[in-house]
Amino acid sequence: MDRNVSVVKDTNGNNIAIINDIRFKGKRSVKWDEVKAYLTEYVGEMYTIAESGEVVYIGKDLPDEYTGSEYTYSLKGTVAKAKANASQGLGSMLEIATDGSFTPNRKEKHTIDAANGWYRYESRFALPIFGDNGEVDRYNVFHVYMIIRHDLNGKKYLYDVINIKKETSNPLGCQKI
């Protein structure tokens with residue numbers, strides 16, 4: 001599948017996944033059923049986090065969790081649209097993820113699917129902001145936590161993307177016109 005995503009370095013040398021297309025747009029709320037359908041195309045893929053060498057799979061539970069979690073339901077406006085469009089860059093976001101941390105599983109409902117605990121990695125992505133002429137004016141950059149579950153089978157699976165925060169700095173060095 002063709003995904004128009006590239007990885008660039010910001011002015012500080014940190015990686016950012018640039019998502020070049022806005023696939024999920026509109027003035028109103030996000031159509032999460034469309035995002036869910038899109039995410040099913042990822043199921044079965046695997047990515048390697050460059051920093052740690054960990055292999056992370058996209059499991060069949062990701063589309064439901066990504067689009068139907070309590071966190072997702074709480075999102076509004078720009079951040080909701082950012083999460084929807086971030087779905088296009090999940091592979092690149094995993095590959096550039098940094099600062100992994102481990103937490104043991106504490107919930108009985110995850111006894112099997114997260115039997116070996118949870119990992120949280122930080123990542124960043126950017127979405128273009130288009131001007132009236134249809135050209136890219138600038139990018140909004142977002143910081144996220146990628147939640148990975150460590151299954152009883154020993155494999156790690158992307159579970160959700162949470163704590164999406166728009167960065168207020170200008171990490172790509174773009175100038176306003």
Could you tell me whether any residue of region 131-143 is surrounded by fewer than 13 Cβ atoms within 10 Å (Cβ to Cβ), over 13 Å from the mean Cα position of the chain (by Cα), of a type in the set (D, E, K, R) and farther than 20 Å from G53 by Cα?
yes
Conditions: (1) over 14 Å from the mean Cα position of the chain (by Cα); (2) more than 24 Å from N140 (Cβ to Cβ); (3) not charged (D, E, K, R). P63 meets all but one. Number of the miss?
(1)
Looking at (1) farther than 21 Å from K36 by Cβ; (2) touching a residue at least 40 places away in the same chain (Cβ under 8 Å), can you tell me which one S101 breaks?
(2)
For the subset of region 144-162 comprising residues that are farther than 19 Å from V7 by Cα and in contact with a helix residue (DSSP H, G or I) (Cβ under 8 Å, 6 or more places away or on another chain), which member is surrounded by the most Cβ atoms within 10 Å (Cβ to Cβ)?
L158
Only one of (1) touching a Gly at 6+ places or on another chain (Cβ under 7 Å); (2) over 18 Å from N163 (Cα atoms); (3) surrounded by 15 or more Cβ atoms within 10 Å (Cβ to Cβ) fails for V56. Which number is that?
(1)
Screening Y57, Y71 for residues that are among the aromatic types (F, W, Y) and closer than 18 Å to D113 by Cα leaves only Y57
In region 17-38, is there at least one residue being more than 30 Å from R138 (Cα to Cα), exposed (fewer than 13 other Cβ atoms within 10 Å of the Cβ) and modelled with pLDDT of 95 or more?
no
Residue under evaluation S69, criteria (1) at pLDDT 95 or above; (2) over 24 Å from Y139 (Cα atoms), criterion not met:
(1)
Cβ-Cβ under 8 Å, sequence separation 6+ or interchain: first residue in region 108-122 and farther than 28 Å from H143 by Cβ, partner in a strand (DSSP E or B) and not aromatic (F, W, Y). Which pairs?
A115/H150
Test result for Y47, modelled with pLDDT of 95 or more, among the aromatic types (F, W, Y) and either at negative phi or surrounded by 21 or more Cβ atoms within 10 Å (Cβ to Cβ) (or both)
yes
Pairs, first assigned to a strand (DSSP E or B) and at pLDDT 95 or above in region 152-165, second surrounded by 13 or more Cβ atoms within 10 Å (Cβ to Cβ) and of a type in the set (K, R), C-beta under 8 Å, six or more apart:
K156/R149; Y157/R149; Y159/R149; V161/K83; I164/K83
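Table: residues versus (1) farther than 21 Å from I18 by Cα; (2) of a type outside the set (G, A, S); (3) in contact with a Cys (Cβ under 6 Å, 6 or more places away or on another chain).
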site: K31; (1), (2), (3): yes, yes, no
site: V43; (1), (2), (3): yes, yes, no
site: G59; (1), (2), (3): yes, no, no
site: A80; (1), (2), (3): no, no, no
site: N85; (1), (2), (3): no, yes, no
site: A97; (1), (2), (3): no, no, no
Is at least one residue of region 85-104 buried (at least 17 other Cβ atoms within 10 Å of the Cβ) and either aromatic (F, W, Y) or at pLDDT below 90 (or both)?
no
Quick check: anything in region 76-86 touching a Phe, Trp or Tyr at 6+ places or on another chain (Cβ under 6 Å) and within 25 Å of I112 (Cα to Cα)?
no
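The values are calculated or read from the model by the stated rules, or taken from the named source; none is laboratory data. Keep in mind that this is a model prediction, so the values were computed, not measured. Neighbour counts are summed over all protein chains in view; Cβ atoms, including those assigned to glycine, are modelled from backbone coordinates with ideal geometry.
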